[in-house]
Each structure stands twice: as structure tokens, then as C-alpha cells.
1. Along the charge dipole of the stretch 3-228, pointing to its positive end and built from +1/-1 on Cβ of Lys, Arg, Asp and Glu, which listed residue (Pro54, Asn192, Tyr115) has its Cα farthest out?
2. If you build a Gaussian network model of the chain, linking Cα atoms that sit under 10 Å apart, which residue out of Gln170, Gln141, Gln226 swings the most?
3. Based on the alpha-carbon gyration tensor of the chain and its eigenvalue square roots a ≥ b ≥ c, which shape applies: rounded if a/c is under 1.5, prolate if not and a/b is larger than b/c, or oblate?
4. Specify the inter-centroid distance of the stretch 17-38 and the stretch 103-166, based on alpha-carbon positions, in whole Å.
5. Quick one: if you stick a label point 7 Å off each Cα along the C-beta vector at Arg130 and Leu171, how many nm between them?
6. Give the shape of the stretch 9-140 as rounded, prolate or oblate, defined through the alpha-carbon gyration tensor: a ≥ b ≥ c are the square roots of its eigenvalues, a/c under 1.5 means rounded, and otherwise the shape is prolate if a/b is larger than b/c and oblate if not.
7. Taking the number of other C-beta atoms within 10 Å as the exposure measure, put Glu84, Glu172, Glu112 in order starting with the fewest.
8. For the stretch 159-234, just say rounded, prolate or oblate: build the C-alpha gyration tensor, square-root its eigenvalues into a ≥ b ≥ c, call rounded for a/c under 1.5, and beyond that prolate if a/b exceeds b/c, oblate if not.
Amino acid sequence: MKLDLRGVSVGLDGHAIVHEADLVVDDGEFVGLVGPNGCGKSTLLRSVYRALRPSAGLIAVDGGDVHRLPARQAAQRIAVVAQEIPADLDFTVTEIVSMGRTPYRPDAAADEERYARALERVGLAGAAERVFATLSGGEKQRALLARALVQETRLLLLDEPTSHLDIRHQLEILHLVRELGIATLAVLHDLNQAAAFCDRLYVMNAGRIVAGGPPDHVLTPELISQVYGVRAVRRTQLVFERLKEEG
Ligand SMILES: Nc1ncnc2c1ncn2[C@@H]1O[C@H](COP(=O)(O)OP(=O)(O)OP(=O)(O)O)[C@@H](O)[C@H]1O
């Protein structure tokens, strides 16, 4: 599965928001999209999951125009965890997760297994029968990731997937996404996390992709000062993890 954006422009209410974006996510790659507030990251992502139609350019998945796919086929190829969390839903967590299977023929036993496994993976096994609306923001975000996981697509789009999560859950979710090994495009704000987890990054500024490549090449102090207007100092860090006890 390869996602390929060529010269994609997106407008909102007559305003040009994204200008001629070129972006590629190869099979199995975890790609981060970073940039200041309001630069157009969500707008670009929304054009990929078909909430918005580009005014120019092509968005292709495995060579085919995403905007020409029938809805069911698109849902079998692309899963998304969007920024907006649905409000006051009277569904249980499992019911929310089950919506990820909409594009497929039901198979009760296998599906129950899928829901349980996905909830386990996002650390919500104990919340399966809770009413979604009563979950915390971070729990909702993880339930929505579980819904995306049961969709079993080979492309995953994430818009700030860790924005409601505490540091432990942020790291767990980023590890989980990495381990999935499916093509992933994620809007991220934490540059250190983006650098640590992503294979490649694209940087957006004022509606344009201004840099792309491996994190070390892209996140230079010059680029960060130019794009974010802050001074960045690169420090090598020692990271300590508790050793596993022997025996
Ligand atoms: N309906 C609209 N009409 C005009 N401009 C809009 C409309 N909706 C959003 N915008 C503007 O489009 C720009 C891009 O918004 P977008 O949500 O894509 O940015 P973003 O990079 O995801 O930001 P953030 O990091 O804050 O989530 C913003 O300046 C926003 O104010």
C-alpha cells in the first residue's frame, strides 16, 4: 500500500489552504506531518480521507485516485482517527469499535474476537461495555484507535493521535502504531516524539510542504526557527530504561 499525493491543493470556503502538496507514504512506513497551528495539516489529511475534495492534484492509493473509489472500497483501504471526538454517543465502547467493521461482511464470532483484541491493544480491555460518552478524553481517543484497528486497512491516518493522552499512553500508542507496520501518516505536534518514532517527516508551513525526509535531516535548528520562530538546540540525550530482572 502506497499513498502518493501529487500537487494537492485544498481550499475551504473559497480560501486556498493547502498549496501543491507532494507527499508519499510507502508500505509499512510511519510518516509524521508536523508544522505550526493553522498551517493546513488537518486540511491536507482530511482531503486524503475524503472529508474534503482537493481543488487540484491527485491523491492516489496504490496508484488509484482515492476520490474515485466507491465508499466501501475506500473504507477497506483507509482508516482514520480524526481530531474531532464524537460527542454524547449513547453507544458502548464495543459498539463504537464495531463500526470499524462496517465495510466488511459480518462474522459474529471472528468480529467479537477482533473487538476484544483491539481493545486489549489500546489498553481498554476493561472498558468494553462502558458507554463511550462516559470515557475520559484519552480513553475515547484510544477507543477510536481500536475502531480504526478493526478496520484492518493497510493505510492509517492519525490526526494528533496523542493529544489527549498522558505521557505513558502517548508512548504506548506511538509504539503500537510503529509495531503495526502499516503505512501510517500522522499529524504530530511533539517534535521529539515525531523524530523518535517516525521513519520520515514532512514539515508544513503556511499551507506548503517545506521539507521532507528522515527526522535528523529535516529537524534542523535552522528549519525550526524558520517555521516555528523558536530557537532549537539539539542535545544528545542518555535515555535510561529499567533493566529486566534476571531469573
Ligand atoms: N471554513 C474555513 N474557511 C476558511 N478558513 C478555514 C476554514 N476552516 C479552517 N480554516 C483555516 O484553515 C487553516 C488550516 O487549518 P488546519 O486545521 O488544516 O490547520 P492545522 O495545521 O491542522 O492546525 P492545528 O495544528 O492548529 O490543528 C487555518 O488557518 C484555519 O483557520
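What follows draws every value from the coordinates through simple rules; no lab data is involved. Keep in mind it's a predicted model, so treat the numbers as computed, not measured. Cβ coordinates were reconstructed from backbone atoms using ideal geometry, including for glycine residues, and neighbour counts include every protein chain displayed.
1. The listed residue farthest towards the positive side: Pro54.
2. Among Gln170, Gln141, Gln226, the largest mean-square fluctuation in the Gaussian network model of the chain belongs to Gln226.
3. Because a/c hits 1.5 or more and a/b fails to exceed b/c, the chain counts as oblate.
4. Distance between centres, Cα-based: 24 Å.
5. About 2.2 nm separates the two model spin labels.
6. prolate
7. Fewest to most other Cβ atoms nearby, the residues stand as Glu84, Glu112, Glu172.
8. The shape class here is prolate.
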